[in-house]
Structure formats: C-alpha cells, structure tokens
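Input: a single structure, listed below in structure tokens.
The values are calculated or read from the model by the stated rules, or taken from the named source; none is laboratory data. Since the model is a prediction, treat every value here as computed from it, not as a measurement. Note that each Cβ is placed from the backbone with ideal geometry, even for glycine, and that neighbours are counted across all protein chains shown. In case anyone asks, the SASA skips ligands and DNA or RNA and just uses the protein heavy atoms, side chains included. Shrake-Rupley method; radii C 1.70, N 1.55, O 1.52, S 1.80 Å.
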Amino acid sequence: ALGTPVITSNISSLPEVGGDAPLYVDPYDVSSIASAIMRIDADADLRAEMGRSGLAQADAFRPAAYEKRLACFYENLR
C-alpha cells in the first residue's frame, strides 16, 4: 500500500493476495531470494513498475473495495 517493491513467498495464499505485483521466490531457496533482491536492486524501472503494481493491487483490499464486493455478493443472493 506504500508503493514499495515486494518480494514474497510463492506458496500459501501470498500469490492470491499479491497478484502480479510482487516478485515471488521459493522461501526455502536462499539463491531464489538473493536473486530477487539483486534483480530489484539493479533495475530502477522494475522497482518503479512494482511500486505502481503494488498500489493497484492494494486498492483491491481497501475497506471501500471490500464493502463493494460484499454488497455485490448479497445483491446476487436475492
């Protein structure tokens, strides 16, 4: 939600939450994590794009977006 590039695990629910915004790594593979850190560090354009993507992805989890999805859910039950 702050426009910060994110590196996260490719397992669990994190890919569902992160969408296309983060770089995903194998949390059990040190070289995978190190590679992602070096990739972000070396590429300003990637950092900027990840920041923009992260902000867009975070919008889906704001209270107003949740309220809208919840309202649509209940409207469809009728």
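Between residue 35 and residue 14, what is the FRET efficiency for a Förster distance of 25 Å, r being their Cβ-Cβ separation, to the nearest 0.05? Spell out each step's value before the answer.
Details: r = 18 Å, r/R0 = 0.71.
The computed FRET efficiency comes out at 0.90.
With the cut-off at 11 Å, report for the stretch 1-42 the share of all Cα pairs above it, as a whole percent.
Numbers: 544 of 861 pairs.
Cα-Cα pairs in the stretch 1-42 separated by more than 11 Å: 63 percent.
Of (i) -0.71, -0.77, -0.82, -0.87; (ii) -0.79, -0.85, -0.90, -0.95; (iii) -0.55, -0.60, -0.66, -0.71, which is the value of log10 I(q)/I(0) by the Debye sum over Cα atoms at q = 0.14, 0.15, 0.16, 0.17 Å⁻¹ derived from the coordinates here?
(iii)
Once the piece of chain linking residue 61 and residue 2 is laid out straight, how much longer is it, given 0.36 nm per residue of separation minus the C-alpha distance between them? Write down the numbers at each step before the final one.
Working: separation 59, 0.36 × 59 = 21.24 nm, distance 1.31 nm.
Extending this stretch completely gives an extra 19.9 nm.
Hey, what do the phi angles of the stretch 15-32 turn into as Karplus ³J(HN,Hα) couplings, whole Hz, using 6.51/-1.76/1.60 and θ = phi - 60°, x for Gly and Pro?
Each residue of the stretch 15-32 in turn: x, 5, 6, x, x, 8, 6, x, 8, 9, 10, 6, x, 9, 10, 4, 5, 5 Hz.
Mean-square fluctuation check for the chain, GNM, Cα pairs under 10 Å: which of 15, 27, 63 is largest?
63
Compute the accessible area per residue over the chain, keeping the other protein chains in place, probe 1.4 Å, unit Å².
Working: 5790 Å² over 78 residues.
For the chain, the per-residue accessible area is 74 Å².
In whole percent, what relative contact order does the chain give with Cα contacts below 8 Å and a gap of six or more residues?
Dividing the mean separation by the residue count of the chain yields 35 percent.
Give the peptides 39-48, 52-61 in descending order of average Cβ contacts within 10 Å, highest first. Don't jump to the answer; show the numbers that get you there.
Numbers: 39-48: 12.1, 52-61: 14.3.
Averaged packing, sorted descending, gives the order 52-61, 39-48.
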